[in-house]
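One structure below.
We did not get these values from a lab; they are worked out from the coordinates using the rules stated. Just so you know, these numbers come straight off a predicted model, no measurement behind them. No Cβ is skipped: glycine too gets one built from the backbone with ideal geometry, and neighbour counts run over all protein chains shown.
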Number of protein chains: 4
Amino acid sequence: MSNGRSAVVVIDMINTYEHGDADLLLPSVEKALPAMGRLIHRAREHGVPVIYVNDNFGQWRSHHGEILESALAGARADLVEPLRPDGDSLFVVKARHSIFFETPLAYLLSQLDIDHITLCGQVTEQCVLYSALDAHIRHLQITVPEDAVAHIHADLAEAALKMMRTNMGATIQHSDAIQF
Amino acid sequence: MSNGRSAVVVIDMINTYEHGDADLLLPSVEKALPAMGRLIHRAREHGVPVIYVNDNFGQWRSHHGEILESALAGARADLVEPLRPDGDSLFVVKARHSIFFETPLAYLLSQLDIDHITLCGQVTEQCVLYSALDAHIRHLQITVPEDAVAHIHADLAEAALKMMRTNMGATIQHSDAIQF
Amino acid sequence: MSNGRSAVVVIDMINTYEHGDADLLLPSVEKALPAMGRLIHRAREHGVPVIYVNDNFGQWRSHHGEILESALAGARADLVEPLRPDGDSLFVVKARHSIFFETPLAYLLSQLDIDHITLCGQVTEQCVLYSALDAHIRHLQITVPEDAVAHIHADLAEAALKMMRTNMGATIQHSDAIQF
Amino acid sequence: MSNGRSAVVVIDMINTYEHGDADLLLPSVEKALPAMGRLIHRAREHGVPVIYVNDNFGQWRSHHGEILESALAGARADLVEPLRPDGDSLFVVKARHSIFFETPLAYLLSQLDIDHITLCGQVTEQCVLYSALDAHIRHLQITVPEDAVAHIHADLAEAALKMMRTNMGATIQHSDAIQF
């Protein structure tokens, strides 16, 4: 699908779901979780790097692995456990919405010669959209599996997917159709 | 010394010392270590944030706390243990020389309303110098305790301290003279 | 509307309209142009900085003032002339969609103590949306006058305005209701 | 000298020389000017891009070409005229010391497939040094012609050249030895 290498990026799925919009978000996460799991599993089988880029929720002590521990100790560990990073997973901490904003992700991708990223996770019309834009602005190719991203507002999520396809050249497709 | 808040930044001291210049660097680290330890101790006593900004040595799995574990398991754990982050320490991972390059440090400092940073650690004429520049370019005030930074080349370190004082407005002083 | 200062940012209106989507875009630009003109005029009267942030269209010779000259020499100079920068206008060149991506805008705003920007120009669902996101991520307050932004796709523009209001805390209002 | 393309970057030579250290700087500029002129001339003959990256001196109205006009109208136009940009020159405005800080230079270089930059101009131990660091951190190859850079403090300039050679892998050589 691209000349360089590909990676799967998992956005904000290491989560305690304690924020304000969780009620709107959770049904969509529950629905998309199996597709995310299958996608990550297939990526690992094919040796495609899986990069977790995750909000630090104001925790700046990444030497503690606090983010993952907090999420696994939370009320919705059932949504975290199936997507748990393994020993080969890469992990980048972000402080704000976009996976690229003041993070080393662009540098990491260039070091790994990756020019195509598949974005799964949440929230379609927020962090996924913003990250797709920041990828497009950096000339990276983008795939978004529409069944492996979760939303808060269905209408905005639909518009976000259309924006990514129309204005960012993203491939929007079913997760099982993605070939590694 | 400044109107906003102050922080102590500890650069690259979580280290396995397995790189090429370790032979030149180690005597200087051994000499500066006690001053670094006293400075960090006093900062903690005064409630001044201590922020470790550390090379990831190509390890991108910050959910594992690998960086600290590797250093504590290495041959020179004796140089790491005395400066070990505590439960309140902040920790930011960097991939390249400067503490600001593709890291969230600038964002973290602005969130904490910090406009003055005291830089200790290594290497005076490399990461410390580069980080001081990137702090100066962002209009942050800088203090460098000359006895709490370690160098590889003594002549370049001396020039680096002079550059920081002359061209970046940094205060260069003995660590014990720094008041919090 | 905010505690700090405010500025009006004019996005991509110095334009030759020679790109592929011009046919879809032009009717919306023609309709929004008078509101943009009134907004810029009122800002100037009130001493509110007007900052043009404009694509360089691959021209990297900003010593020539080529961007403005090209646009004024083009077939649609009638859409440029009414919004022409005056002697007090600020001008920042951008290479990609967002007004913040690899530009000095964030630095300029911080130097001018501006924490609130009013975005007008084009394209609502592209550069305006992306710029609003990058402003929000930097904790800037945002106002978007819905009659002073131009779109290519009406449905995506409507979704973009809703995203800015719902997810970025932007004030969406009629341009004449904006008070300086 | 590298696999990709090469460019010559001219730093801060479009200058009115009205700043505080001009007295120390001017003799060095006068001495280095002929070498800079020869280097730029040879680069143009060989089709090597010449990119001027210049402080904006707080002028944010790049649509006016003010920076060049001010310098050519100043008391030391004799130091600007010989290095004047021609119709093919590229021009990037910077607000602070480094040629990369909040400028589109990194983007421009990647678009032109340039991975090796030759830095000339001023000030050796300030903007040239800082720019070399920011180039090195981005994995660009660096050449610095020691006779085509100007300094304020001779001792710091000497240390800066040694830092670039020792710690940034830069090639330091006479300008006439540089082959395009």
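Data table
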| quantity | calculated |
| --- | --- |
| For chain B, fraction of C-alpha pairs farther apart than 21 Å, in % | 43 percent |
| Solvent-free Debye scattering, log10 I(q)/I(0), computed from the Cα coordinates of segment B:67-142 at q = 0.17, 0.21, 0.22, 0.25 Å⁻¹ | -0.77, -1.09, -1.16, -1.32 |
| Inter-chain shielding of C:55-61 (mean C-beta neighbours from other protein chains, 10 Å cut-off) | 4 |
| √(5λ) per eigenvalue of the Cα gyration tensor, the protein assembly as shown, largest first, Å | 38, 37, 24 |
| Relative contact order (%) - criterion: Cα under 8 Å, at least six apart; region: chain A | 30 percent |
| Copies compared at residue A:30 - label distances in nm, ascending, label defined 7 Å from Cα in the Cβ direction | 5.2, 6.2, 8.1 |
| Average partner coverage of B:161-172, which counts Cβ from other chains inside 10 Å | 3 |
| Residue D:61 long-range amide H proximity, modeled H, under 5 Å | C:91 |
| Cut-off under 5 Å, modelled amide H: who pairs with residue A:150 long-range | A:121, A:122, A:124 |
| Least to most buried among A:89, A:175, D:131 (fewest other Cβ within 10 Å first) | A:89, A:175, D:131 |
| Under-5 Å amide H pairs with residue C:74, H placed in peptide plane, nonlocal only | none |
| Overall form of segment B:1-93 per C-alpha gyration tensor (a/c, 1.5; a/b vs b/c) | oblate |
| Pair residue C:69, residue B:112: separation of 7 Å Cα→Cβ label points (nm) | 5.0 nm |
| Lys, Arg +1 and Asp, Glu -1 on Cβ, resulting dipole of the protein assembly as shown about Cα centre, debye, nearest 20 | 0 debye |
| Residue among D:107, D:51, D:123 farthest towards the positive dipole end of chain D, charges placed on Cβ | D:107 |
| Charge context of residue D:174, other residues only, Cβ under 12 angstrom, K/R +1, D/E -1 | -2 |
| Residue-averaged beta-carbon neighbours from other chains (10 angstrom radius) around B:136-146 | 2 |
| ³J(HN,Hα), Karplus 6.51/-1.76/1.60, whole Hz, each residue of segment D:124-135, x for Gly, Pro | 3, 8, 10, 4, 5, 4, 5, 6, 4, 4, 5, 6 |
| Helical mean residue ellipticity (222 nm; -39500 (n - 2.57) per DSSP H run of 4+; nearest 500) of chain C | -11000 deg cm²/dmol |
| Net charge contributed by nearby residues that have their C-beta within less than 13 Å of residue C:135 (K/R +1, D/E -1) | 0 |
| Backbone HN-Hα couplings from phi across segment A:72-83 [Karplus 6.51/-1.76/1.60, Hz, Gly and Pro as x] | 6, 8, x, 5, 10, 4, 5, 8, 9, 3, x, 10 |
| When each of A:162/B:94; C:31/C:162; B:94/B:162 is checked by Cα-Cα distance, pairs over 31 Å | A:162/B:94 |
